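Nothing in this text is a laboratory measurement; each read-out follows from the coordinates by a stated rule. In this text the structure is predicted, and so the values were computed from the model without any measurement. Heads up, the Cβs are rebuilt from the backbone with ideal geometry, glycines too, and the neighbour counts pull from every protein chain shown.
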Amino acid sequence: MKKLNVGLIGAGFMGKAHVIGYANMPTLFWPAPAVPILRSVHDINAEISKEAVARFGFEKHEVSWQAIVNDPEIDIISICTPNDSHAEIAIAALKAGKHVLCEKPMSNSFEDAKTMAEAAIVAKEKGIKSMCAYQYRRIPAIVFAKQLIEEGKIGKLLNIRGQYLQSWSADPNSPLSWRFQKKVSGVGTTGDIATHVIDITQYLAGDITDVVSQVSTFIPQRPVQECGVDLLGTVKIPGDAKLADVDVDDESSFLVKFKSGAVGSIEATRNAWGRNNFLTLEIHGTKGSIVFNYERLNELQVCFSDSPDDRRGFTTIYTGPLHPYPEATWNIQGLNIGYGELKTIEIYEFIKAIAENTESSTNFEQSYKVEEVVQAVMKSHQTNTWQTVRDERGNLV
Ligand SMILES: NC(=O)c1ccc[n+]([C@@H]2O[C@H](COP(=O)([O-])OP(=O)(O)OC[C@H]3O[C@@H](n4cnc5c(N)ncnc54)[C@H](O)[C@@H]3O)[C@@H](O)[C@H]2O)c1
């Protein structure tokens, strides 16, 4: 069986998630399309690099990301660093002939995201694969929702409402990590979590063509955190810590129009007390509705118009071995999957694309469509007008 050597760059929250995916993929998906080998790791924090060898099982750690990208034995680069280093690493890796799985968003700059998409189009000609880590579209319940839509079970799509609400930055004492600094993150909540909803809604309902938005920053200053790793609000900062400015958004909400004629709305905030990973969708069609909530990710609620009037209402489908990605779950409905299995499904799709020389549905070219919507959302906020996303879509090479 073919083996693929993996180099991981950035070993924080997402680095761990990628490792879980690589390590578990052949366990869940067997025969595996190829077997990933955890070859080398680099984190800018030397302690984290060293620890990643012992903890995750990498063969070695390197002192620079360039050492991994230029290692002829490496086949795959996983980029799990903050957004400001994605473009440089990804473009160098694609040029060096490595397959690249990059965390979302693509970059801290729309121009760099476009350059990444263009580099991926050039690399594609040589069989080199790219993928952006929009894992939520691969949740079995979401893939099943797409099947229902494509089978016409809810008729013509009318409206799709998406929300991604979290609470980890609602506390003003939650630290000024890289996620609140424009130079590193690029865009705040919109680029961070709204991107997942944009990706899923475009997956389910096709391209978004127009947006009008409202973007807010509620907490203008936060205490400075004296280390690079973003602990997502779990860290406690001393009361006398110095404050610095937040220059990104805490929340955005926008109306969207789809090419298909459907309409919708998207809201994202990290300041919603009581909401944890509240990624929800409500989809209305001419013949029915579908509801999804990540906090109950193994369930899909459906309502069909052809049910008798006195029995019509939402019923709950529990996803399991009869639904998409049965390999990722167990042979009994209700035993369920979680975030680790979801990242494993993502890694499976990436390795399959490499082994079978096919394209991932979230390759850089496709994922650039998310960046274009984010760009239009920010422009709409600045100009207080509807923005046509198509105007933002520059021609890729
Ligand atoms: N797909 C998802 O749902 C999801 C969820 C969380 C984060 N992310 C994305 O993953 C990326 C990483 O986020 P995270 O939450 O893991 O952050 P994190 O702060 O937990 O980890 C980042 C790691 O990268 C290291 N690092 C920083 N700059 C580096 C550099 N130049 N070279 C090498 N290492 C460097 C840091 O020391 C840290 O260990 C971001 O782009 C983020 O948007 C995606």
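Taking E59, E103, E299 in turn, the Gaussian network model of the chain (Cα-Cα springs below 10 Å) assigns the largest fluctuation to E59. Computed from phi, the 3J(HN,Hα) profile of the range 265-270 under the Karplus parametrisation 6.51, -1.76, 1.60 (θ = phi - 60°) reads 8, 9, 10, 9, 8, 10 Hz, with x in place of Gly and Pro. Projecting the Cα atoms of V389, Q202, N271 onto the charge dipole of the chain, computed from C-beta unit charges around the Cα centre, puts Q202 farthest toward the positive end. The Cα-based radius of gyration of the chain, divided by its Kirkwood radius, gives an Rg/Rh of 0.96. The magnitude of the dipole of the chain, with charges of +1 and -1 set on the Cβ of Lys/Arg and Asp/Glu and taken from the Cα centre, is near 520 debye. Taking the charge dipole of the chain about its Cα centre, with +1 at Lys and Arg Cβ atoms and -1 at Asp and Glu Cβ atoms, the residue from A353, M14, P220 reaching farthest to the positive side is A353.
Amide H contacts of G264: I160, V256, each under 5 Å away and 5 or more positions distant or on a separate chain (H built 1.01 Å from N in the peptide plane; Pro and chain starts excluded).
Considering only V122, C80, P36, the residue lying farthest towards the positive end of the dipole of the range 3-135 is P36, judged by Cα position with unit charges set on Cβ. In this structure, W386 and L158 have a Cβ-Cβ separation that, at R0 = 25 Å, corresponds to a calculated FRET efficiency of about 0.80.
Remark: L4, L297, L243, L281 ranked as L243, L4, L297, L281, counting other beta-carbon atoms within 10 Å and listing the fewest first. Here C303, C132 are placed in order of increasing Cβ neighbour count within 10 Å, fewest first, which gives C303, C132. Amide H contacts of L4: V35, I37, each under 5 Å away and 5 or more positions distant or on a separate chain (H built 1.01 Å from N in the peptide plane; Pro and chain starts excluded). Net charge dipole, the range 3-135: roughly 400 debye, given to the nearest 20, about the Cα centre with Cβ charges of +1 for Lys and Arg and -1 for Asp and Glu. Summing charges over neighbours of I149, with a neighbour being any other residue whose Cβ is under 14 Å away from its Cβ, gives +2 when K and R count +1 and D and E count -1. Database remark: amide H of G155 closer than 5 angstrom to the amide H of K287 (H placed geometrically; neighbours at sequence offset of 5 or more, or on other chains; Pro and chain starts carry no H).
With a Förster radius of 25 Å applied to the C-beta separation of E73 and F13, the computed FRET efficiency comes to 0.40.
Evaluate the relative contact order of the chain (contact order divided by residue number), counting alpha-carbon pairs under 8 angstrom at least 6 apart; express in whole percent. Here the relative contact order equals 20 percent. Among F364, F292, sorting on how many other beta-carbon atoms sit within 10 Å of each Cβ, with the fewest leading, yields F292, F364.
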